[in-house]
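The values are calculated or read from the model by the stated rules, or taken from the named source; none is laboratory data. Just so it is clear, the structure is predicted and the values come from calculations on it, not from any experiment. Backbone-built Cβ (ideal geometry, glycine too); neighbour counts: all protein chains shown. Side chains are part of the model used for accessible areas, which takes the heavy atoms of the whole protein and leaves out ligands, DNA and RNA. Shrake-Rupley method; radii C 1.70, N 1.55, O 1.52, S 1.80 Å.
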Amino acid sequence: QVQLVESGGGLVQAGGSLRLSCAASGRTLSTYLVGWFRQAPGKEREFVGYISGSGASTYYVDSVKGRFTISRDNAKNTVYLQMNSLKPEDTAAYYCAARLNYAAIQARDYDFWGQGTQVTVSS
């Protein structure tokens with residue numbers, strides 16, 4: 001079992017930045033691919049991006065490419081989501097999730113989830 005805890009959310013003005021953290025316990029996170037998802041009120045959970053276990057590979061949804069960066073520090077068992085140039089449409093609860101082996105962009109393919117952290121971007 002992997003327990004994931006997100007932190008770093010908050011209220012920020014459009015154009016601002018936030019860095020979310022996803023801290024893991026229970027297992028070594030380096031063996032897991034970690035994805036970030038977000039969910040706005042009344043909408044389905046949306047894939048944001050993922051990072052491979054080694055950190056060598058990342059992938060992002062088009063709407064965040066060039067603005068968001070996922071990184072990881074396996075020594076700290078933590079994955080980060082750096083969000084720059086934030087827009088009001090980025091407002092959502094952000095979740096990290098983990099799975100073994102192959103990359104995936106569907107929420108149903110992830111086995112372990114954090115509780116989420118709220119990001120609100122004001123215009």
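Things to note:
- For the pair residue 11 and residue 122, the difference between a 0.36 nm per residue extended length and the Cα-Cα distance amounts to 39.2 nm.
- Pairwise FRET efficiency - residue 105 versus residue 85, Cβ, R0 = 22 Å, nearest 0.05: 0.45
- Share of carbon and sulfur in the accessible heavy-atom surface of the chain [1.4 Å probe, %]: 47
- Pairs of Cα atoms nearer than 8 Å and 6+ residues apart set the relative contact order; for segment 1-108 it is 35 percent.
- Net charge dipole size for the chain [Lys, Arg +1 and Asp, Glu -1 on Cβ; Debye, nearest 20]: 140
- For the Cα trace of the chain, dividing Rg by the Kirkwood Rh returns an Rg/Rh value of 0.94.
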